[in-house]
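Notes follow once the structure below has been shown.
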Amino acid sequence: MTAGMHMETRADLLVYNIGQLCTMQGPDRPRRGAEMDDVGLLRHAAMAVAGGKIVAVGPEKDVQALADQDTRTVDAGGRVVTPGLWDPHTHLCYAGSREEEFAWRLAGRGYLEILASGGGILSTVRATRAASDEMLVSLLHKRFSQALASGTTGIEVKSGYGLSTVDELRMLRVIRRAAGEHPIRVVATFLGAHAVPPEFQGRANDYVQLVIDEMIPAVAGAHLAEFCDVFCEEGVFDLDQSRQILTHARAAGLGLKVHADEIAAMGGAELAAELGATSADHLIMVSPEGMAALARAGVVAVLLPGTSLTLGSRFAPARELIAAGVPVALATDGNPGTSPTESLQAVVPLAARTLGLSPEQVLTAATVNAAWAAGRGEVGGVLAAGRPADFVVWDAADYRYLSYHYGSNLAREVYIRGRLVAREGVMLIG
Ligand code: NIG
Ligand code: FE
């Protein structure tokens, strides 16, 4: 009998004829080192669900015993089933788009140069401030549907295109409203320190003070976000300003994330470790000391290869991070400037090619470690008895196909809490 199976529980949903079931079962924490090679593979398996929760996964004949004539059945057709993907780093609440700027960058202009001249993040800030709540909710809703239909069942979304107390709070309320109207699971992050807004040009410290004195208490007081993030970067917020903001956020009860060492080696990883952040993200330029600090502190490294590709920059040292004992996760960074996508599925084959990760490491990074990076490790990213039935039936017979094939949507069916929410690229409810 499979561990965790409760014979008294009748299944209301049975998924059978699963060619490969990647359960991702293992220790109840972010996976590191060789743990990232283990996808908890079961062949010829089935999964039983009752009341939206998994009651058993295991060999087909054992699990099938939980079904009766009223059980709804899904024939997986010998395909691959994995947990729903978790995207732990996005900036998908925005208006406008920046394809013109991307053309400038293709022609040789720098990302920080465009930001310094009032474009980049600041051009999205102008468009987002000018958009109505209804417009922002509907844009976000559409992006959630894109994510869901490509296999993402949970997603983190940051504010950061408001950059005033009013507009940052408005963005977080928009995120909450869109989340309430959509089946996808959402985690909100406050990123007031995404850029220095035009009103504070040359007075960055005054803006930092506003974030600390006004925004953090308002965000924490109204429970509008679970995390606080900072763009710790040369010419944006330095180490000291980032430390101040994050220390206040932590004292206000928020979890921490850091945009760390993306463009210049700033010691952002060391800062994330020092403050006990949940994740340090980007890490393209992370130092060996930074890697050691992340490993010691158990901070998840969230890598964003789509951003490197769009910026034409180097890729994060993923293999070195894993060798150093840092748990690695993947995310889209979905945003209009450096990663215009909603699909973490699209990042999977990219990560295999550009970060030098194995199919097993990539899958671990996009499921269980990604869920931990989003603060949902106890809920998502693993298929085991007692967990919510959030899973994807992929159009693939071998899980390694997900790292290999690219460019079309392989998510055949997407389920949240045992409910079919998307099929062949189309959202069904919400
Ligand atoms: O993660 N690094 C800062 N923020 C985003 C880019 C946002 C934008 O360009 O609009 C990022 O790359
Ligand atoms: Fe980002």
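Structure data summary
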| quantity | calculated |
| --- | --- |
| Cβ-Cβ under 6 Å pairs, at least 6 apart or on other chains, region 199-222 side at negative phi, far side part of a helix (DSSP H, G or I) and among the small types (Gly, Ala, Ser) | Ile216/Ala249 |
| Residues of region 273-292 satisfying the condition of being among the aliphatic types (A, V, I, L, M), farther than 30 Å from Phe102 by Cα and touching a Leu at 6+ places or on another chain (Cβ under 9 Å) | Ala273, Leu275, Ala277, Met291 |
| Residue match in region 131-138 (condition: more than 30 Å from Val414 (Cα to Cα), out of contact with any strand residue (DSSP E or B) (no Cβ under 8 Å at 6 or more places or on another chain) and in a helix (DSSP H, G or I)) | no |
| Tally, over region 167-210, of residues that are under 22 Å from Ser123 (Cβ atoms), surrounded by fewer than 17 Cβ atoms within 10 Å (Cβ to Cβ) and of a type in the set (Gly, Ala, Ser) | 1 |
| Test result for Ala265, modelled with pLDDT under 95 and of a type in the set (Gly, Ala, Ser) | yes |
| Residues located in region 382-409, provided they are assigned to a loop (DSSP other than H, G, I, E, B) and either outside the structural domain of Gly19 (by TED's automatic domain parsing) or under 17 Å from Val15 (Cβ atoms) (or both) | Val382, Leu383, Ala384, Ala385, Gly386, Arg387, Ala389, Asp390, Asp395, Ala396, Ala397, Tyr399 |
| Residue match in region 371-380 (condition: under 15 Å from Ile184 (Cβ atoms), in contact with a His (Cβ under 8 Å, 6 or more places away or on another chain) and either at pLDDT 95 or above or not assigned by TED's automatic domain parsing to the domain that holds Met47 (or both)) | no |
| Given (1) within 16 Å of ligand 1 (Cβ to nearest atom); (2) over 16 Å from the mean Cα position of the chain (by Cα), number of the condition Asp333 does not satisfy | (2) |
| Qualifying residue in region 38-54 (condition: farther than 16 Å from Val382 by Cα and part of a loop (DSSP other than H, G, I, E, B)) | yes |
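The values are calculated or read from the model by the stated rules, or taken from the named source; none is laboratory data. Computed from a prediction, not measured in an experiment: that's the story for all the values here. Note that we place each Cβ from the backbone using ideal geometry, even for glycine, and neighbour counts take in every protein chain shown.
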